[in-house]
Amino acid sequence: MTITVDELVAAARAKASRVDFGDEWFREPLGVLVDSINDEAQLSEMGLDMTRRRLTALLVDRLRLRAFQDEHPEVRDLEVIVAAEICGLPRTGSTLLHRLLAASPQLTSTASWECSYPLPFPGEGPDAAERKARAKARMEMFLELSPDFGDLHTVTWDGPEEDVILVDRSFTSMSYDSFYWVPSYGIWLRSYDQSRAYAELREWLQVLQWQDRTREGKQWVLKSPHHLTAAGTVLDAFPECRIVMTHRSPVQAVPSYASMVSTMTAQYSDKADPVLIGQYWRDRFRETLVERFPAVREARPDRFVDVHFKSMLTQPLVEARRVLGELGLTAGPADDAAFEAYLEQNKAERHGSHSYTAESFGLSDDSLARDFAPYVEAYL
């Protein structure tokens, strides 16, 4: 069994009872993704069913977004200010920094439940009770399918979450080669112009901001390693934005992410090869950090803020205050109290640790050190 774009589009239109997607530019990235899934992902029967339902739901959201904008045209006029996109290699302390900064009363961020369900259901009240209940159930199902994932990444249905989940609806997202073995899609993505996807990300932020009036006057702090694939586009799309880049030795970060990807991919396929996964992510991250990223940074060095993993472990409050200052905001007593409260919450949310070795993923410490030497010399 295979998936087709036409099948997905027809299913979404039937489910949404709407036909107008507006500009259908998304068909190209969706087509590349679907071809790669069919040719490479080796999905299980359950994985295929989950994938078909997930891609259909994302298309439904595209239809509903256009309908929402037509019903509330003022949404398109909302000013969205993105203060920061936090990105770096995965497993570099970016989640802790993001959730700390998101606690600041001066900033706002995308919440997990609204990334999954950004548009209100018919008849739903402003408390978004149905969407929150579905998000909670969805998180519980995810952890049931991947019981070790909570040891890799703290999962909460109501806490700050990566905005890349919104970008998923454009089908130009690192989520896909993280959850599926789709190397041809991942390679294609890193050379694709993602500007239209980031224009749509702004539209999604407008929708969320319109629904929650407490966000008025606040700037957004967002986060995902995906943004490394299009750092220049991020800076173009959000002129106020600084890229806050977290740094950790790739010798630790790359195998750690390979371990996470192996866990996620196992939800959809029982044939995923951890060695191929490790080598794929080594190549993709090396391409990004060593070959592509330096030119972006050299062109606009004032738009970057650096944060080191060790500092996030040893002095997270100091780093949060410093980064807030780099964003042009002054940390006051309310910020400090919010940071302290989140650190206490984080202690309660954290679970166990996970074990892995580079060799489990066809890698070695020595080879990773050689591959990423220019990055390490520049930033670590």
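The values are calculated or read from the model by the stated rules, or taken from the named source; none is laboratory data. In this text, all values refer to a predicted model and were calculated from it rather than measured experimentally. So basically every Cβ, Gly included, is an ideal-geometry build from the backbone, and we count neighbours across all protein chains shown.
If you take the residues in the stretch 176-229 that are small (Gly, Ala, Ser) and in contact (Cβ under 8 Å) with a residue 24 or more places away in the chain, which one is nearest to Trp25 (Cα to Cα)? Before the answer, list the steps.
If we filter the stretch 176-229 for residues that are small (Gly, Ala, Ser), which is where we start, we get 178, 184, 186, 191, 195, 197, 199, 217, 224.
With the extra rule that they be in contact (Cβ under 8 Å) with a residue 24 or more places away in the chain, the set shrinks to 178, 184, 186, 195, 197, 199, 224.
Values: Ser178: 23, Ser184: 20, Gly186: 18, Ser195: 11, Ala197: 10, Ala199: 12, Ser224: 23 Å.
Looking at residues that are small (Gly, Ala, Ser) and in contact (Cβ under 8 Å) with a residue 24 or more places away in the chain, I get Ala197.
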task: Starting from residues that are of a type in the set (A, V, I, L, M, F, W, C) and surrounded by fewer than 17 Cβ atoms within 10 Å (Cβ to Cβ), keep the ones in the stretch 17-42 and report whichever is farthest from Phe68 (Cα to Cα).
output: Trp25
- prompt: How many residues are without any contact (Cβ under 8 Å) to a residue 40 or more places away in the chain and of a type in the set (Asp, Glu) when one looks only at the stretch 314-342?
  reply: 2
message: If I ask for residues that are among the hydrophobic types (A, V, I, L, M, F, W, C) and crowded, with 23+ Cβ neighbours inside 10 Å, which ones from the stretch 246-259 would you list?
response: Ala253, Val254, Ala258
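Report whether or not Val19 is in a loop (DSSP other than H, G, I, E, B) and closer than 27 Å to Arg131 by Cβ. Quick ask: steps written out before the conclusion?
Working: in a loop (DSSP other than H, G, I, E, B): yes; closer than 27 Å to Arg131 by Cβ: yes.
When the stated conditions are applied, Val19 passes them.
So which of Ala14, Ala57, Ala10, Ala83 ends up being part of a helix (DSSP H, G or I) and under 23 Å from the mean Cα position of the chain (by Cα)?
Numbers: Ala14 fails: under 23 Å from the mean Cα position of the chain (by Cα); Ala10 fails: under 23 Å from the mean Cα position of the chain (by Cα); Ala83 fails: part of a helix (DSSP H, G or I).
Only one candidate passes the filter, namely Ala57.
Find the residue count for the stretch 65-90, including only residues that are β-branched (Val, Ile, Thr), in contact with a Lys or Arg (Cβ under 7 Å, 6 or more places away or on another chain) and within 17 Å of Asp236 (Cβ to Cβ).
1
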query: Among the numbered criteria (1) touching a Cys at 6+ places or on another chain (Cβ under 8 Å); (2) assigned to a helix (DSSP H, G or I), which single criterion is violated by Val244?
result: (2)
query: Taking the stretch 326-354 as the region of interest, how many residues are loosely packed, with under 15 Cβ neighbours inside 10 Å, more than 15 Å from Ala103 (Cα to Cα) and modelled with pLDDT of 95 or more?
result: 1
query: Within the bounds of the stretch 303-317, is there any residue that is outside any helix (DSSP H, G or I), among the basic types (Lys, Arg) and within 22 Å of the chain's Cα centre (by Cα)?
result: no
message: If I filter the stretch 298-324 down to residues being crowded, with 17+ Cβ neighbours inside 10 Å and basic (Lys, Arg), which single residue comes out as nearest to Val261 (Cα to Cα)?
response: Arg303
statement: Within the stretch 192-237, the count of residues that are surrounded by 18 or more Cβ atoms within 10 Å (Cβ to Cβ), of a type in the set (D, E, K, R) and not in a helix (DSSP H, G or I) comes to 1
